[in-house]
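The values are calculated or read from the model by the stated rules, or taken from the named source; none is laboratory data. Just so you know, these numbers come straight off a predicted model, no measurement behind them. Backbone-built Cβ (ideal geometry, glycine too); neighbour counts: all protein chains shown.
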Amino acid sequence: MARIVRAALIQAATEYTKEKCVKKHVKLIAEAAKKGAKMVCLQEVFNSPYFCAEQDSKWYDWAETIPGPTTEEMQGLAKKYGMVIVVPIYEKVHDGVYYNTASVIDADGKLLGIYRKNHIPQVKGFWEKFYFKPGNLGYPVFETAYGRVGVYICYDRHFPDGARILGLHGAEIVFNPSATIEGLSRYLWQLEQPAHAVANGYFVGAINRVGVEKPWKTGKFYGSSYFCDPRGQIIAQGSDSKDEVVVADINFDMIKEVRDLWQFFRDRRPDTYGPLVQQLP
């Protein structure tokens, strides 16, 4: 019998208080549950605007500890619906130390662990180094009730190295919660992550928020959240403008089928990859 799990991605326009952001997503998680989803991933820093469009220390006050109020509320929902939930928030370790982090919560409500975004951009409109330290937890994979889950956050997706490590660590599905706007990277949205899926023989769920956020108006978040399979085929995709729950049935048995055909892990040559871990001068 095939191992098929219904999964969902939640994309949404922002609200301008944490309470309203969370309330909106609680409703969308309930919608995902009604659609039969057993795995759900929310968008990058889901409970806030994408504040990295400016550099202002007032946003430090939006950071939360993990566990903390938002993750604990999501743990309750995970247990209520028997659902694995990936919850990306702005994490506070202590004053002055903050990360861009995703919690992975199992279907019984247990907090399995966290992933901290490793690659941090610092370009106009994406001033993330002002807010986030680079991740220090590597590339963990979480054994959930329904499958082995990896997380790669937004800008991470431009780096194939961590995507490969997640595959080597046994990920069956990698979620990439993002906040990305129209412009230079749009054409990469449906190029890079299907390539990761093919190169590593796993599923990918890519999430992006929607709308233009005030007061910055740096560009349009274009949604278009999608699932792709280990062959790199997009199997479900959302609109570019609406709050939406994007649902797909993930056939995890496809992973073995594809990996038995394309023996990329067998044919790797790590003995030749030394330059990959050398920093450029």
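Remarks
- The set of residues in segment 110-141 that are hydrophobic (A, V, I, L, M, F, W, C), surrounded by fewer than 21 Cβ atoms within 10 Å (Cβ to Cβ) and assigned to a strand (DSSP E or B) comprises L111, L112, V123, F126, W127.
- Scanning segment 199-226 for residues that are of a type in the set (V, I, T) and either out of contact with any strand residue (DSSP E or B) (no Cβ under 9 Å at 6 or more places or on another chain) or assigned to a loop (DSSP other than H, G, I, E, B) (or both) turns up just one, T218.
- From the list V40, V87, the one residue that fits, being β-branched (V, I, T) and under 23 Å from E128 (Cβ atoms), is V87.
- Scan of segment 243-281 for residues that are farther than 30 Å from N208 by Cβ, in a loop (DSSP other than H, G, I, E, B) and modelled with pLDDT of 95 or more, ordered by number: Q263, R266, D267, R268, R269, Y273
- Some residue of segment 262-272 being of a type outside the set (S, T, N, Q), touching a residue at least 12 places away in the same chain (Cβ under 8 Å) and closer than 17 Å to I4 by Cα: no
- Considering only residues in segment 185-201 that are among the small types (G, A, S) and surrounded by 20 or more Cβ atoms within 10 Å (Cβ to Cβ), the one that is farthest from L261 (Cα to Cα) turns out to be A197.
- Test for Y115: is it in contact with a Ser or Thr (Cβ under 9 Å, 6 or more places away or on another chain) and touching a residue at least 60 places away in the same chain (Cβ under 8 Å): no
- Scanning segment 142-169 for residues that are part of a loop (DSSP other than H, G, I, E, B), free of Cβ contacts under 8 Å to residues at least 60 places away in the same chain and buried (at least 24 other Cβ atoms within 10 Å of the Cβ) returns a single hit, Y152.
- Of all residues making up segment 92-129, the number that are more than 19 Å from the chain's Cα centre (by Cα) and among the acidic types (D, E): 2
- Single residue of segment 172-208 satisfying the filter (among the charged types (D, E, K, R) and more than 21 Å from I114 (Cβ to Cβ)) that is modelled with the highest pLDDT: E192
- Residues satisfying the stated conditions in segment 80-96, i.e. part of a loop (DSSP other than H, G, I, E, B) and of a type in the set (A, V, I, L, M): M83
- Tally of residues being over 15 Å from the mean Cα position of the chain (by Cα) and either touching a residue at least 12 places away in the same chain (Cβ under 8 Å) or within 11 Å of L9 (Cβ to Cβ) (or both) across segment 215-236: 14
Let's see how each residue does on (1) surrounded by 19 or more Cβ atoms within 10 Å (Cβ to Cβ); (2) basic (K, R); (3) closer than 22 Å to T144 by Cα:
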site	(1), (2), (3)
R6	no, yes, yes
A30	no, no, yes
V40	yes, no, yes
P49	yes, no, no
G76	no, no, yes
M83	yes, no, yes
H94	no, no, no
T101	yes, no, yes
D106	yes, no, yes
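- Of residues in segment 170-184 being surrounded by fewer than 20 Cβ atoms within 10 Å (Cβ to Cβ) and in contact (Cβ under 8 Å) with a residue 12 or more places away in the chain, the one nearest to V86 (Cα to Cα): G170
- Restricting V40, V45, V87 to residues that are on the phi > 0 side of the Ramachandran plot and in contact with a strand residue (DSSP E or B) (Cβ under 8 Å, 6 or more places away or on another chain) narrows the list to V45.
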